[in-house]
1. Applying the Karplus parametrisation 6.51 cos²θ - 1.76 cosθ + 1.60 with θ = phi - 60° to the phi angles of the stretch 113-122, what ³J(HN,Hα) value in whole Hz is obtained for each residue in order, glycine and proline being reported as x?
2. Suppose R0 equals 41 Å; then what is the FRET efficiency for residue 41 and residue 234 from their Cβ-Cβ distance, rounded to the nearest 0.05?
3. Measure off, as a whole percent, the carbon and sulfur share of the 1.4 Å-probe accessible area of the stretch 53-140, all protein chains present.
4. Just to confirm my numbers, what's the Cα centroid distance between the stretch 253-276 and the stretch 93-118 in Å?
5. So how far, in whole Å, is the C-alpha centre of the stretch 168-198 from the one of the stretch 18-49?
6. Using +1 at the Cβ of each Lys and Arg and -1 at the Cβ of each Asp and Glu in the stretch 83-236, identify which of 90, 218, 126 lies farthest towards the dipole's positive end.
7. Can you give me the angle between helix 14-27 and the longest principal axis of the chain, using Cα atoms only, in degrees from 0 to 90, rounded to the nearest 10?
8. State in Å² the accessible area per residue of the chain; use a 1.4 Å probe, count heavy atoms of protein chains only, and round to the nearest integer.
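The values are calculated or read from the model by the stated rules, or taken from the named source; none is laboratory data. In this text the structure is predicted, and so the values were computed from the model without any measurement. Methodologically, a virtual Cβ is constructed for each residue, glycine included, from the backbone with ideal geometry; neighbour enumeration extends over all protein chains shown. Ligands, DNA and RNA are stripped out before the accessible areas are found, and what is left, the full protein with its side chains, is counted by its heavy atoms. Shrake-Rupley method; radii C 1.70, N 1.55, O 1.52, S 1.80 Å.
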Amino acid sequence: MAYRVTLIPGDGTGPELVDATRRVLEATGVAFDWDHQVAGEEVMHEHGGNPLPDPTLESIRINKVALKGPITTPVGGGFRSVNVALRKELDMYAQVRPCKSYPGVRSRFQDVDLVIIRENTEDLYAGIEYEQGSEDAEELIAWIESKGGRLRWDDAGLSIKPISVTGTRRIFEFAFDWARRNGRRQVTAVHKANIMKFSDGLWLRVAREVAAENDDILFNDRIVDNMCMQLVQRPEEYDVLVLPNLYGDVLSDLCAGMIGGLGMAPGANHGEDVAVFEPTHGSAPKYAGQNKANPMAELLSGVLMLRHLDEHDAARRVERAIAAVIREGTRVTYDMKPTRDDPTAVGTSEVADAIIERLGDA
Ligand code: NAD
């Protein structure tokens, strides 16, 4: 039976990256019935000015799985990020970003194999903000002071940091489940509970409760600043890290940097019963249509999708083929060569060809 999967090519370099990934996934022998859908600036005029058309959302809701290319957010207005809107519409509360080093990738670090799970709906990114000098901000400051709170200066803007029991419980339940399904051994809760007792403190308390219900997986916790130091000193001691929104945003870039940068960082967004797989990087518009961009992050997102579909053998084969092509270092894009103007660099589609050739290797 073929898997029906929503396929969103995106824009910029997205269509080339998604096409390369689609070809590799099909070459595994796993059958896909792609449901082609669109989103972004280029298609909004066909959908009454909506960059995230209803049929696209509906398709993901029905198929429950999507493979997506990056989508450009126009600078200076137009519309808000389609990527953020998609996560909101589908309540995709968990962002998964594996960061794994492959020999042959230029990086200061070797043997990194971490997974960042970021809560994606709460925390300082919840969008509850009050502009300095506004009536609302002044009212809120007056209310805080009436409760005995003290602001250093009252000409402050305010961003509220909500962290709920419900949101924390569901991200940790997701994280333990993900860890178990993917053969991981340890979950680390990252926080600043020593300072923010009622938000991060709650996060840590609920994390411990969920950990006690999942005692087949090791659990520990780290304060976020100490976590950063430990990650660069001994990343091998860590496995799955679970973070609130803001720390998750920062540490996922830190870890992407440790494994060779954005070109190597895949991602997935999970909701209650939907999952959208996409690379961490953006649409790299300056390379659009040039068969130049590195497809590795989109391909590795495809590997995550195979695992999500329980196609573990195909996932292993694609990952091994990717690792072999990287190790050889010949048929890779310009950004994986020792210098960026290396004339031996190949294009996006040739990388896919090289990986397809290696799929059959034992
Ligand atoms: P970007 O990730 O597109 O590019 C950052 C740098 O990395 C650029 O130099 C780019 O050329 C390079 N790069 C990125 N991906 C590459 C690849 N696969 N191969 C080789 N080089 C690559 O980030 P940006 O320039 O800040 O964003 C461009 C657009 O993408 C923006 O409109 C942004 O909003 C959007 N964006 C979309 C998503 C998404 O769809 N999920 C995520 C991030 C950014």
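1. Values, residue by residue: 8, 10, 10, 9, 10, 10, 5, 10, 10, 10 Hz.
2. 0.40
3. Working: 2110 of 4430 Å².
Ligands and nucleic acids excluded, carbon and sulfur reach 48 percent.
4. If we compute the Cα centre of each part, the gap is 8 Å.
5. 32 Å
6. 218
7. Once rounded, one gets 60 degrees.
8. Accessible area per residue: 46 Å².
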